[in-house]
Amino acid sequence: MQNDFTKAQHSQKRIFQRAKKAHMRRLSLIFFFGAALIVPCLWKTVGNWLEIRNLDAAIALAQTEKKQAEDENTQLTYEVKLLQDDEYIAKLARGKYYLSKDGEIIFSLPEDNQTKMAEKQENAADSDS
């Protein structure tokens, strides 16, 4: 049936389809250009976030190393202070190397030998690791 009513319906349908197609093209272009603007920004944001994460890890590591260095510095300062004392040096030499004063006799007891052997083993284990 090719009457005026059906022709008008087909004409309106074609106009609606063209408008719908044009609308979809516009939406596609808007989406494409929007994505072209947003993707580089997101890329940079993710890159910055990863860099911040790496820097936070580096800061935590540096703070740990700083704390260890401060502890070691405190220990070494204490040892330097002790080594400046002549009485401490004499006591250390007598206890560790069995040095004696004039006319003094040193006896080594089995308990002392076991303690010394245990210390030597600990020192050897510490120096290996």
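Applying the set (1) within 30 Å of ILE106 (Cα to Cα); (2) outside any helix (DSSP H, G or I) to TYR78 leaves exactly one unmet item: (2).
Restricting segment 50-103 to residues that are surrounded by 10 or more Cβ atoms within 10 Å (Cβ to Cβ), among the hydrophobic types (A, V, I, L, M, F, W, C) and closer than 26 Å to THR115 by Cα, the residue that is farthest from the chain's Cα centre (by Cα) is LEU99.
Put simply, of LEU83, LEU76 the only residue that is at pLDDT below 95 and closer than 30 Å to SER100 by Cα is LEU83.
Mind listing whichever residues of segment 1-19 are surrounded by 10 or more Cβ atoms within 10 Å (Cβ to Cβ) and of a type outside the set (Ser, Thr, Tyr)? Residues satisfying the conditions are LYS7, ALA8, GLN9, HIS10, GLN12, LYS13, ARG14, ILE15, PHE16, GLN17, ARG18, ALA19.
The values are calculated or read from the model by the stated rules, or taken from the named source; none is laboratory data. Small disclaimer: the values here were computed from a predicted structure and weren't measured. Ideal geometry is used to build each Cβ from the backbone, glycine not excepted, and the neighbour counts take in all protein chains shown.
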